[in-house]
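Everything below concerns the one structure shown next.
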Amino acid sequence: MKYNLLLLKKVSDVQEELLINSYSNIFSNLCEIGLQKEYDLDSIYKRYMGFVYSNINKSDSHFAIELESILPLFSYLQHSQGGRGIFIEKLFSLLNKDVSRDFRLRYFPLIFLDFEKYRKTKLFDKVHNSYDKSKLWGWEGTKKDDVVFDLCKYGRNKIIFCDLKNRVDSGGTSARRESIGKIQNVLKLLNESKRLFVNKENNLKYSLLNYLAENYISELRISFGILYNVDSSPGTQIGDKNQGFLGESKKQMSYIFDYLSIHDVFSNVKFDEHNLKLYATFSRDNINLNIQISCDYGNDIINLFMDGESKIKTLYDFENKINLYDDIWLCLKINIKERELLIKYNENLIQIFTNYFLTKSKLELSSYLDKIFKHSHEFFNLIYLDNKTKIDKLFRDNMGQEYIYDVMLIAYIYCYIK
């Protein structure tokens, strides 16, 4: 079978550059689990679930082996998303040059001075270059004042922030309190006129409102966003309600409505409870700032952060911009089987091939790849002759030649990226 393997490719576009480190990390960790028999779930978890191998083995040995081989691998995948959330944020930024990920209020000078440069530092996880002009600006706020949002969209006279969750059940009610709490912190900074930014040249200090006005921002929109329902369909209020979390969002939004309503600096306050949107105008020192706060779901988030030129109008369009590779699923498939062998015989094929490849230089490894893809029996025999007894014992499970070379390929990649 011909595979499309990112980890063996020469990186050719930005998306591959964004994916390759995460893929390498996930691949290596899956192989580590396949190589080590003691890599397992903790004892309390296993006893709580009744998954103790020796206990199951008395009644259903085959299922016990399956369970021991599969659970550690899927436990890793479940608890480590492999940078998926950050990749989603980066994909937004990649597909729309007006969008950046990982925004903090203290970064405003970098945003306004050179947004494209800022966007690229966050896209490629590079340390901020010292922008000459940004050195003129200091931050006088506290850690709490330095509110963080996952996405930022910067356009003429308008800026949009979003705290983004992957599914309606991500973080439960606490996620809503935390995210919508960030929105309230921004509103408090506006209301309290706290000086956050200082121009080091003239020592002038700016509140958030003054600094936004200084940079011609007249519209501020802040969103709490949820991409998916639990069934992987685009997120909706109904999906949120079915999981029991919509009520918390409404409650938190009502708190913000109450806050806006009792302070005179906020006018034209409106709460569209059905669509979970709040509107207000903040006015002080002859400066007006139009504010919109919302809970957004699925396709609405796409419309909020994608422009017309991208032709991305739905979450489905957005998903289809992600290229597909075979590295992870193939690695998972092989290591499930290899853990079965490890539990049965205390050794497996991936150990044998890995031990062989780890003794070779990068140059030697490079020369082996074509032989593996071509299922070279001559090359396989080089390894087989030194490990005949072990391989023959493991071969009792009636594995075909295709499987043998897939294991060899996985072991090769693991050693190559190690």
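Contact map, segment 254-283: first residue of a type in the set (Gly, Ala, Ser), second residue in a helix (DSSP H, G or I) and surrounded by 12 or more Cβ atoms within 10 Å (Cβ to Cβ), Cβ cut-off under 8 Å, separation 6 or more or different chains; pairs are ALA280/LEU260. Consider segment 261-308 and keep the residues that are surrounded by 20 or more Cβ atoms within 10 Å (Cβ to Cβ) and among the β-branched types (Val, Ile, Thr). The one that is farthest from ASP163 (Cα to Cα) is ILE291.
As for segment 159-174, it holds no residue that is aromatic (Phe, Trp, Tyr) and touching a helix residue (DSSP H, G or I) at 6+ places or on another chain (Cβ under 7 Å).
Where in segment 1-107 are there helices (runs of 4 or more DSSP H), lying wholly inside it, with at least 3 residues that are in contact (Cβ under 8 Å) with a residue 12 or more places away in the chain and surrounded by 15 or more Cβ atoms within 10 Å (Cβ to Cβ)? Let's see the steps before the verdict.
Details: elements: 14-35, 43-49, 53-57, 61-79, 84-95.
In segment 1-107, the matching helices (runs of 4 or more DSSP H) lie at 14-35, 61-79, 84-95.
Suppose the filter is surrounded by 14 or more Cβ atoms within 10 Å (Cβ to Cβ), aliphatic (A, V, I, L, M) and out of contact with any Leu (no Cβ under 8 Å at 6 or more places or on another chain); does ILE328 pass it? Considered against the rule, which asks whether it is surrounded by 14 or more Cβ atoms within 10 Å (Cβ to Cβ), aliphatic (A, V, I, L, M) and out of contact with any Leu (no Cβ under 8 Å at 6 or more places or on another chain), ILE328 comes out as no. Close Cβ contacts (under 7 Å, 6 or more residues apart or on different chains) running from residues in segment 184-197 that are more than 13 Å from ARG284 (Cβ to Cβ) and outside the structural domain of ASP146 (by TED's automatic domain parsing) to residues that are modelled with pLDDT of 95 or more and assigned to a helix (DSSP H, G or I) are absent. For beta carbons closer than 8 Å, sequence separation of 6+ or different chains, a first residue in segment 331-348 that is without any contact (Cβ under 8 Å) to a residue 60 or more places away in the chain and over 16 Å from PHE74 (Cβ atoms) and a second that is crowded, with 24+ Cβ neighbours inside 10 Å and among the polar types (S, T, N, Q), the qualifying pairs are LEU341/ASN348. The residues listed here are ILE343, ILE352, ILE312, ILE262; of these, the one that is under 31 Å from the mean Cα position of the chain (by Cα) and either over 30 Å from ALA64 (Cβ atoms) or of a type outside the set (Lys, Arg) (or both) is ILE312.
The values are calculated or read from the model by the stated rules, or taken from the named source; none is laboratory data. All figures in this text were calculated on a predicted structure; none of them were measured in a lab. Here the Cβ is made from the backbone with ideal geometry for all residues, glycine too, and neighbour counts use every protein chain on show.
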